[in-house]
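Student: Dropping a structure here in structure tokens format, bear with me for questions.
The values are calculated or read from the model by the stated rules, or taken from the named source; none is laboratory data. Keep in mind that this is a model prediction, so the values were computed, not measured. Here the Cβ positions follow ideal geometry from the backbone for every residue, glycine too, while neighbour counts run over all protein chains shown.
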Amino acid sequence: MSEKPVLLIDDDRELCALLTDYLGREGFAVESVDDGRAGLSRALSGEHCLVLLDLMLPEMDGIEVMRELHRAGSVPVIMLTAKGEEVDRIVGLELGADDYLPKPFNPRELVARIKAVLRRAGEGAPPRGSGPRDRAESEMLVQGDLTLDLGGYRALIAEEEIPLTVIEFCLLRELARSAGQVLSRDALLDRVRGREFELFDRSVDVHISHLRQKLGDDPYNPRYIKTVRSVGYMFIGGEG
């Protein structure tokens, strides 16, 4: 099996060397870049299956890099931060990061998170346009004017594609699958991210807020996602 190409954007050269060696033994080919501007250029090349992005970088900080990557919407991102403050994690998630990991961390945990993000991203699936997909990959979930391509991780409203991160898509998928049923934050966290991660409830609120913006959904007069106070969220349709 060929190695999976991962881009590491971090100016800590000792950490880069350690992760290059460790991830190499886990089946990943690591390319490291030590400044944000050059890292962004490489991340936009489309040559990597995932980006590991440090928050504190020279030339261009990780938040700005994440913002640009989110606009491109092309590659899963795990943010690395030495700060470890909840506000930094929330900002990273709000900008579209698929996961975060505060430094210092155990490399084994990083590997687990990388594999989980790649599973959610459908990293092993064939690229769009590469040929016919199997039945599971072509399965569609339709709720009103919203269509979810479950294999392609694509969301469309009236045939117009909505650019979502992997976590945003998975949240929307689970809500749509349970249309008319309230799902608590814990239930959503369990379904979307798994029990192996350290999680916090506000991450769901951040992703739902971002998801609503992309869907053009007014939280005070929702068409898609309704907040059920003190309980969670419910998908209500998409008609009208």
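Student: I want to confirm something. Restricting to the range 114-141 and keeping residues that are in contact with a helix residue (DSSP H, G or I) (Cβ under 9 Å, 6 or more places away or on another chain) and either surrounded by 17 or more Cβ atoms within 10 Å (Cβ to Cβ) or modelled with pLDDT of 50 or more (or both), which single residue is farthest from residue 78 (Cα to Cα)? Give the derivation first.
Tutor: First, the residues of the range 114-141 that are in contact with a helix residue (DSSP H, G or I) (Cβ under 9 Å, 6 or more places away or on another chain): 114, 116-117, 120-124, 141.
Applying the additional criterion that residues be either surrounded by 17 or more Cβ atoms within 10 Å (Cβ to Cβ) or modelled with pLDDT of 50 or more (or both) yields 114, 116-117, 120-122, 141.
Working: 114: 8, 116: 11, 117: 8, 120: 13, 121: 12, 122: 16, 141: 28 Å.
Here the answer is 141.
Student: Scan the range 75-99 and report the pairs whose first residue is over 20 Å from residue 43 (Cβ atoms) and assigned by TED's automatic domain parsing to the domain that holds residue 50 and whose second residue is at pLDDT 80 or above and among the β-branched types (Val, Ile, Thr), with Cβ atoms within less than 7 Å and a gap of 6+ or a chain change.
Tutor: Once the first residue is over 20 Å from residue 43 (Cβ atoms) and assigned by TED's automatic domain parsing to the domain that holds residue 50 and sits in the range 75-99, its partners that are at pLDDT 80 or above and among the β-branched types (Val, Ile, Thr) give 90/206.
Student: Across the range 67-113, which residue is surrounded by the most Cβ atoms within 10 Å (Cβ to Cβ) among those that are modelled with pLDDT of 85 or more and of a type in the set (Asp, Glu)?
Tutor: 68
Student: From the list 167, 162, 208, pick out the single residue that is surrounded by 12 or more Cβ atoms within 10 Å (Cβ to Cβ), at pLDDT below 85 and not assigned by TED's automatic domain parsing to the domain that holds residue 97. Walk me through how you get there before you give the answer.
Tutor: Details: 162 fails: at pLDDT below 85; 208 fails: at pLDDT below 85.
Among 167, 162, 208, only 167 is surrounded by 12 or more Cβ atoms within 10 Å (Cβ to Cβ), at pLDDT below 85 and not assigned by TED's automatic domain parsing to the domain that holds residue 97.
Student: Are any residues in the range 144-167 small (Gly, Ala, Ser) and out of contact with any helix residue (DSSP H, G or I) (no Cβ under 8 Å at 6 or more places or on another chain), and if so, which ones? I'd like the intermediate steps shown before the answer.
Tutor: Keep residues of the range 144-167 that are small (Gly, Ala, Ser), which gives 144, 151-152, 155, 158.
Scanning the range 144-167 gives 144, 151, 152, 158.
Student: Does residue 52 qualify as being in the same structural domain as residue 102 (by TED's automatic domain parsing) and at pLDDT below 95? Even if it seems obvious, please write down each step before you answer.
Tutor: On the way: in the same structural domain as residue 102 (by TED's automatic domain parsing): yes; at pLDDT below 95: no.
Here the answer is no, as residue 52 does not meet what is asked.
Student: Further question: Please go through the range 1-38 and give me each residue that is exposed (fewer than 15 other Cβ atoms within 10 Å of the Cβ), among the aliphatic types (A, V, I, L, M) and touching a residue at least 40 places away in the same chain (Cβ under 8 Å), ordered by number.
Tutor: Within the range 1-38, just 18 meets the criteria.
Student: Looking at residue 223, is it at negative phi, assigned to a loop (DSSP other than H, G, I, E, B) and modelled with pLDDT of 90 or more? Steps first, please.
Tutor: Details: at negative phi: yes; assigned to a loop (DSSP other than H, G, I, E, B): yes; modelled with pLDDT of 90 or more: yes.
Yes, satisfied.
Student: Scan the strands (runs of 3 or more DSSP E) fully inside the range 1-101 and keep the ones with 2 or more residues being within 27 Å of residue 155 (Cα to Cα) and in contact with a helix residue (DSSP H, G or I) (Cβ under 7 Å, 6 or more places away or on another chain). Lay out the reasoning, then the answer.
Tutor: On the way: elements: 4-9, 28-33, 50-54, 77-81.
Those strands (runs of 3 or more DSSP E) span 4-9, 50-54, 77-81.
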